[in-house]
1. Considering only region 90-108, how many residues are outside any strand (DSSP E or B) and in contact (Cβ under 8 Å) with a residue 40 or more places away in the chain?
2. Does residue 57 satisfy the condition of being within 16 Å of ligand 2 (Cβ to nearest atom) and in contact (Cβ under 8 Å) with a residue 24 or more places away in the chain?
3. Is it the case, given these coordinates, that residue 87 is away from ligand 1 (no atom under 16 Å from the Cβ), more than 23 Å from residue 191 (Cα to Cα) and crowded, with 16+ Cβ neighbours inside 10 Å?
4. Do the conditions hold for residue 111, that is, is it free of Cβ contacts under 8 Å to residues at least 60 places away in the same chain, outside any loop (DSSP other than H, G, I, E, B) and more than 20 Å from the chain's Cα centre (by Cα)?
5. So for region 90-105 (the condition being within 13 Å of ligand 2 (Cβ to nearest atom), within 14 Å of the chain's Cα centre (by Cα), under 30 Å from residue 239 (Cα atoms) and surrounded by fewer than 19 Cβ atoms within 10 Å (Cβ to Cβ)), does at least one residue qualify?
6. Within region 131-141, is even one residue more than 15 Å from residue 163 (Cβ to Cβ) and in contact with a helix residue (DSSP H, G or I) (Cβ under 8 Å, 6 or more places away or on another chain)?
7. Out of 178, 160, I need the residue that is away from ligand 2 (no atom under 16 Å from the Cβ) and touching a residue at least 40 places away in the same chain (Cβ under 8 Å). Which one?
Ligand SMILES: Nc1ncnc2c1ncn2[C@@H]1O[C@H](COP(=O)(O)OP(=O)(O)O)[C@@H](O)[C@H]1O
Ligand SMILES: [Mg+2]
């Protein structure tokens, strides 16, 4: 597989929620794009624009009302449940805003649990866990409990967990949303190194303009549609070209 392999094809994705008997709320209104290995895509949109909904569909957590998502040429919603589970487990890694870790586990146990859930076959589990933690710079915290980690370290551990099955596609839903500026910058740099080194696809949802520069491409989501598909752009150029004067941080 080379760098231009279109690993993900999203076609006319729609998601509606019914609101009582007759009305529906249209969260996504026809989202289409193709993504290739090696790309870092920033899904930029204000709060409520449908970013998490889109990530939940792309990761197979929720079903679309209409449209299709093809991972490696397989429509994930055309597959039987167990096949879909397998496809998701082997190909997709997910990172969340609030880490979604268990406080009562150590870093090692967090990854052991994920290996167990994934039923990942590995000859030397301890070695694999050490390498994963090393990749995110947490090897010295291997026996530290999650609740003793800083927020940045928690997100590093969540990244290691997302990499357990060595997935081709990594999704991150507002991965810097709970981090300060400096830590967010470090986390983005780490994600960039990993993705470029391994030639993976990374899709990040955010409303944080500061991380725009870390993307290769920006999809601007508004009212459930992709308004723009831009090449890499700086925070300043993005704000200027969109007529945004004041930057207000939403949490
Ligand atoms: N299960 C649901 N039922 C009804 N409305 C929902 C549901 N999930 C999300 N929404 C609505 O869809 C819109 C987009 O939500 P979301 O995808 O979480 O946006 P974002 O992640 O960009 O903030 C919001 O208006 C939200 O209230
Ligand atoms: Mg969200």
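Quick note: the coordinates plus some simple rules give every number you see, no bench work behind them. Computed from a predicted model, the values in this text were never measured in an experiment. Glycine also receives a Cβ, built like all others from the backbone with ideal geometry; neighbour counts cover every protein chain displayed.
1. So the first thing to find is which residues in region 90-108 are outside any strand (DSSP E or B), and the list is 90-91, 96-105, 107-108.
Applying the additional criterion that residues be in contact (Cβ under 8 Å) with a residue 40 or more places away in the chain yields 90-91, 96-105, 107.
Residues that pass the stated criteria total 13.
2. yes
3. Taking the combined requirement at face value, the residue does not satisfy it.
4. Values: free of Cβ contacts under 8 Å to residues at least 60 places away in the same chain: yes; outside any loop (DSSP other than H, G, I, E, B): yes; more than 20 Å from the chain's Cα centre (by Cα): no.
No, not satisfied.
5. Taking every residue of region 90-105 in turn, at least one turns out to be within 13 Å of ligand 2 (Cβ to nearest atom), within 14 Å of the chain's Cα centre (by Cα), under 30 Å from residue 239 (Cα atoms) and surrounded by fewer than 19 Cβ atoms within 10 Å (Cβ to Cβ).
6. So far as region 131-141 goes, yes, one or more of its residues are more than 15 Å from residue 163 (Cβ to Cβ) and in contact with a helix residue (DSSP H, G or I) (Cβ under 8 Å, 6 or more places away or on another chain).
7. On the way: 178 fails: away from ligand 2 (no atom under 16 Å from the Cβ).
Exactly one of 178, 160 is away from ligand 2 (no atom under 16 Å from the Cβ) and touching a residue at least 40 places away in the same chain (Cβ under 8 Å), namely 160.
Let's see how each residue does on (1) away from ligand 1 (no atom under 12 Å from the Cβ); (2) in contact with a helix residue (DSSP H, G or I) (Cβ under 9 Å, 6 or more places away or on another chain):
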| position | (1), (2) |
| --- | --- |
| 8 | yes, yes |
| 11 | yes, no |
| 61 | no, yes |
| 79 | yes, yes |
| 106 | yes, yes |
